[in-house]
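The values are calculated or read from the model by the stated rules, or taken from the named source; none is laboratory data. If you're wondering where the values come from, they're calculated on a predicted model, not measured in any experiment. Cβ coordinates were reconstructed from backbone atoms using ideal geometry, including for glycine residues, and neighbour counts include every protein chain displayed.
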Amino acid sequence: MPTKSLGLRRWLALGGISSLTSRYPWGVERRHIIPAGIRCGIGRIGWHSFRHTFRTLLDETGAPMKVQQELMRHADIRTTINVYGKAMDESKRAAHGRPPRIALAGGLMPLSAA
């Protein structure tokens, strides 16, 4: 941020922020995040993409749902579960395979086989 000794225009001229719109989240998204996603080949991404990724990673680490709700700053836990609750494919496969392994744990299939 500019100090009292530097005026805003001088601070910007010295490389502070290239334009006033880049100080706002929508400006950063429009000028930097969306083009970067397109250049990387992952498509159009934005701030909301980061929220979904954060929630998915919390889920993958086994964080309790209440903790996820608080970290996502959702007033209602149903938002955390319903809007952001899509599990990764790998987690779905692993979860799908657990009941048979448990049921067959009596020697037909070892629990470590996955």
The number of residues in region 28-60 that are over 21 Å from L71 (Cα atoms), small (G, A, S) and touching a helix residue (DSSP H, G or I) at 6+ places or on another chain (Cβ under 9 Å) is 2
The residue that is surrounded by the most Cβ atoms within 10 Å (Cβ to Cβ), considering only those in region 48-80 that are among the β-branched types (V, I, T) and out of contact with any His (no Cβ under 8 Å at 6 or more places or on another chain), is T56
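Here is a yes/no grid of residues against (1) at pLDDT 70 or above; (2) assigned to a helix (DSSP H, G or I):
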{"site": "G16", "(1), (2)": "no, no"}
{"site": "T21", "(1), (2)": "no, yes"}
{"site": "P35", "(1), (2)": "yes, yes"}
{"site": "R39", "(1), (2)": "yes, yes"}
{"site": "F54", "(1), (2)": "yes, yes"}
{"site": "L57", "(1), (2)": "yes, yes"}
{"site": "E70", "(1), (2)": "yes, yes"}
{"site": "A87", "(1), (2)": "no, no"}
{"site": "K92", "(1), (2)": "yes, yes"}
> Is it true that R98 is part of a helix (DSSP H, G or I), basic (K, R), at pLDDT below 80 and over 15 Å from the mean Cα position of the chain (by Cα)?
Replying inline: yes
